[in-house]
Every structure is written in C-alpha cells, then in structure tokens.
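Heads up: the structure comes next, in structure tokens.
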Amino acid sequence: MKQVAILGSTGSIGRQALEVVAAHRGELGVAALTCHSNDALLEAQLASFQPAAAVLTDYAAYQRLASRYKGPTKLLYGEDGLLEVVTDQTVNLVLSSIVGFAGLRPTVAAIQAGKDIALANKETLVAAGALVTRLAREHQCQLLPVDSEHSALWQCLQGEAADSVDKLLLTASGGPFRGKTRSELADISVEACLQHPNWSMGRKITVDSASLANKGLEVIEAHWLFNLPYDRIDVVVHPESIIHSLVAFRDGAMKAQLGRPDMRLPIQYALLDKRRPESPWEQLDLTACGKLTFEAPDREAFPMLELAYQAGRSGGVLPCIFNAANEIAVECFLAGRLPFLSIPVVVETVLSQAQSFKAEALDEIEFVDAWARTKARECCERR
C-alpha cells in the first residue's frame, strides 16, 4: 500500500486528496497529515484516517489540539515537524499542497529523502525551479503534477515523442472579472474577487485567479515541468473550465484533456501512478456542457500575466521575486489595505528594484524571498 503524507490536509486540495484516499483505501494509506491552524478539521481527519503523525504549524492551534487529543497519532509542531514527517522512511509519496512559498522547504527535504512529490504547490517550482528539478534528478524522484492544467498537459503528453510537441496551451477560466476593462476594476471589493465562477478554492489562489497571476505562476511551473521555453507556452481563456489544457503538435494536431472542474481527478491520476480506476464522483456529460468557447487573455486589464512571462524569461531569482511580491500584495489586498489594481503595481515595482542572479542553494532563495517581501510591504505601505 502506498503511504502518503499530505501537506496542507485541511485546505481545498488536501480535503479532496483525502476523498481520493477514502475511495481507494486498499491501495492508498495516510502516513501523515499537516495543516497550519485548523485544529478542529485536522482532529476529524485524524479520527477518519489515523495517520502515524500530524503536524500543526501554528503554535496556538497545536496547543489546543494537544490539550484534548487522546488518539494514537503523534502530534508534532512547526517546520521541524514538517521536516520529520516528509523524511520518514514509511512515507512513499508526499502531496505538497501547502499554499505559497511556505511549501518549498518541506518539499525540498522530501526530495532529498528520495520521496516522489505530487505537486499542488506551484510556488515551489516558480521560486526554485532550477534547484528543485536538479534535486529531483539527483535523487531520482518523480515530480507528479496535480494542478489541473499541468495534469492535463501531462496526460496529453503520454506516449508522445518530445520532439513532436509544438506548444503547450494552458487554459484559464478568466476568473470573476473576465471581460472587464481596467477602469472597471478600480473599485473591486475583496468579496467580489472571491466569487470565482467555476472553482471552489482558497482565498489566495482565488485572488490570483482574478488577477491572472495564477496563470502566470502556472506558465513558469509548466516551463520547469515540461522543459519548454516560454515562447512555446501559451495561455487561452476558456470560461467553461471543461478543457483543462491542450498540447499542440508539430503536425497541426491538438490533444486536450476534458473533465468537470473537479480536482479529485488530477489528484487521483497522480496518486495512482497514472492509472484510471472507476471513480465514485460525477463524470462529465458532454451533452450538458453546451458551447465551449475560447478567447485571448486581456493582458492590458490583467498585467500580472505579462509580468510573470517577463520574470520567467529573465530567469534567475526574478520568478521568486515575482511570487514573493505577489504573495504580500495579495495579503494586503485581502486585509483591505491595498486596491486590487495595485497588486501588479507592487509586483512590478519590486521586480524593477531587483538584480537577477542564479541561486544555487535553498538559503539563497530564502534570502531573496525575504528581501522581496520586505520591499513589497514597503511598497504597499506607500500606496
């Protein structure tokens, strides 16, 4: 039985991953669960799956759960706890779904311990793509895409020769503000931003979807996962979110992966080694889909996409800086301290102050990340 450590088990991806495990209990087991502060949900998950260990990274939440929990699971705290569970010899695969840059260090530790990674944390490859892919090669670990777009590309590429591929096309829903002009986005509220038309996700990724920053992060992630230059990775807006991405081949053919907007399918595909067993959840009904439409992204109204391309093409630590500045800008927007349209302004300002270089070590990347966050906070305070 494959033993999985789920980093971020109380988040959207983590909860759906546990549904996949529950549907395939004969093949999948839970070795460890981790979360930040949702001790109540984590306690319920421990009762259902009884992993050997669980980690909370918020100390108050850890104390709350430790004071009342009487079950068999070993409770651990903080980053040390994360590093302990991802390197445990009983773990076969680590599902990395911690939000943001915080997922990088435990993911690197898991790779260095020889674990395969089901990657739902795109920031890991955005911030440290060269380091992570090099370590994965050195330790012979698989990086298994879980994001629906990258899973779709991965599925479409099965059995295809690398030299037959022309382009990768990542689909984007367009978020809640598709079709709006830049002037119409001036007074966008947090509540409006969090109303995604198709997907139920966490707050940060929902804001990223609204700004198209998420699609920019996915472009950089695709560059590292599939080893293609940025001029061969395109974005197309597909509002229905039925086609999850496409591959264009040199002979003019295209392959697309279709499915309901449901993350359980790509999670299952990664956890079950690309096999396709019968699933208990609802299947796609083409006759109920209606029209499938496509349009170009509006890069003027949503400049975060172009900023991500620029950072990716420039390389070095600039993608790390893009991600760090965006995380702080989104944090300030969600707190009501920054207008929506100022998110790309903050990111562009921080990128303009940076000098790029190639970071070879994790501590260098963490230093750059901290620098970019400081600059972004300063920029947010001035706006």
Exercise for the section: Spot the failing condition for A22; the list is (1) surrounded by fewer than 18 Cβ atoms within 10 Å (Cβ to Cβ); (2) small (G, A, S); (3) out of contact with any helix residue (DSSP H, G or I) (no Cβ under 6 Å at 6 or more places or on another chain); (4) over 16 Å from A270 (Cα atoms), and only one is missed. Expected result: (4)
Problem - Residue under evaluation G26, criteria (1) of a type in the set (G, A, S); (2) more than 20 Å from the chain's Cα centre (by Cα); (3) modelled with pLDDT of 95 or more, criterion not met - result: (3)
Practice task
Can you run down the residue pairs with Cβ atoms below 8 Å, 6 or more apart or on separate chains, where the first is in segment 304-319 and in contact (Cβ under 8 Å) with a residue 24 or more places away in the chain and the partner is assigned to a helix (DSSP H, G or I) and among the aromatic types (F, W, Y)?
Solution key: L307/F322; A308/F322; Y309/Y230; A311/F322; G312/Y230; R313/Y230
Practice task
Go through (1) touching a helix residue (DSSP H, G or I) at 6+ places or on another chain (Cβ under 8 Å); (2) part of a helix (DSSP H, G or I); (3) not β-branched (V, I, T) one by one and return the number of the condition H196 breaks.
Solution key: (2)
Exercise for the section: Please indicate, with yes or no, whether at least one residue in segment 147-163 is in a strand (DSSP E or B), within 19 Å of the chain's Cα centre (by Cα) and either at pLDDT 90 or above or loosely packed, with under 13 Cβ neighbours inside 10 Å (or both). Expected result: no
Practice task
Assess whether T171 counts as being part of a loop (DSSP other than H, G, I, E, B) and either of a type in the set (V, I, T) or touching a Cys at 6+ places or on another chain (Cβ under 8 Å) (or both).
Solution key: no
Exercise for the section: Just give me the residues in segment 1-15 being in a helix (DSSP H, G or I) and buried (at least 21 other Cβ atoms within 10 Å of the Cβ), in sequence order. Expected result: I13, G14
Handout entry: Residues of segment 240-258 that turn out to be at pLDDT 95 or above and either assigned to a loop (DSSP other than H, G, I, E, B) or among the acidic types (D, E) (or both), as a count
Key = 5
Exercise for the section: Among the residues of segment 92-131, write down those that are of a type in the set (V, I, T) and surrounded by 24 or more Cβ atoms within 10 Å (Cβ to Cβ). Expected result: V94, I98, T107, I111, I117, T124, V126
Completion exercise
Reported set for segment 110-153 where residues are of a type outside the set (G, A, S), under 15 Å from T87 (Cβ atoms) and touching a strand residue (DSSP E or B) at 6+ places or on another chain (Cβ under 7 Å) is I111, K115, D116, I117, C141
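Condition check ((1) surrounded by 15 or more Cβ atoms within 10 Å (Cβ to Cβ); (2) of a type outside the set (F, W, Y)) across all residues:
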position: A136; (1), (2): yes, yes
position: V165; (1), (2): yes, yes
position: L169; (1), (2): yes, yes
position: G175; (1), (2): yes, yes
position: A192; (1), (2): no, yes
position: W199; (1), (2): yes, no
Completion exercise
Of the residues in segment 350-377, those that are crowded, with 20+ Cβ neighbours inside 10 Å and either in contact with a strand residue (DSSP E or B) (Cβ under 6 Å, 6 or more places away or on another chain) or not in a helix (DSSP H, G or I) (or both) come to A354, A359
Handout entry: Residue selected from segment 258-297 under the condition surrounded by 13 or more Cβ atoms within 10 Å (Cβ to Cβ) and small (G, A, S), by the criterion farthest from N92 (Cα to Cα)
Key = G259
Exercise for the section: Take the residues in segment 243-299 that are out of contact with any strand residue (DSSP E or B) (no Cβ under 8 Å at 6 or more places or on another chain) and of a type in the set (F, W, Y), then tell me which one is farthest from D166 (Cα to Cα). Expected result: W281
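The values are calculated or read from the model by the stated rules, or taken from the named source; none is laboratory data. Here the structure is a predicted model, which means the values were calculated and not measured. Cβ sites come from the backbone with ideal geometry, for glycine too, and all protein chains shown count toward neighbours.
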